[in-house]
1. Peptides 6-13, 64-71: what's the order by average Cβ count within 10 Å, highest mean first?
2. When a footprinting reagent is the concern and you count Cβ atoms within 10 Å, what order do Lys25, Lys16 take, fewest first?
3. So what does the Cα-only Debye profile of segment 3-69 read at q = 0.25 Å⁻¹, as log10 I(q)/I(0), no solvent term?
4. Sorted from fewest to most neighbouring beta carbons within 10 Å, what does the list Met17, Met1 look like?
Amino acid sequence: MGQIILRLDRVMADRKMTLKELSDKVGIANVNLSKIKTGKICAIRFSTLIAICEALNCQPGDILEYDPTLPQSELLTLREPPCDTD
C-alpha cells in the first residue's frame, strides 16, 4: 500500500507565497497549514483543499501525489490515534 505525498511546499514556492499569506487568504491558522505543508496530517477536509486550491490557483493533483512504491505511513496504521483534520 502506497502513500499520499503532500506537495504544498512546492506549489507555494512556485507561486512565491508565504505560509502567512496563504493563511490569510484561506482563513486557516498558520499552525494547521504548517501541518499540511509538512505532511503531519492524516486527513484533510474537502473545504480546506478547495480553499487552498483557490488561493494558489491550482488543482488538487498539484498538491497531492500518490506513490504506490512507498510503504504505508505510520500515521495510517489501523490503530492510529485521532488526528487533526485540517
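FYI, it's all coordinate maths here, none of it is from the lab. Everything quoted here is computed from the prediction, not taken from an experiment. All Cβ positions, even for glycine, are placed from backbone atoms using ideal geometry, and neighbour counts span all protein chains on display.
1. 6-13, 64-71
2. By the 10 Å Cβ count, ascending, the order reads Lys16, Lys25.
3. Values, matching the q order: -1.20.
4. Arranged by neighbour count, lowest to highest, Met17, Met1 become Met1, Met17.
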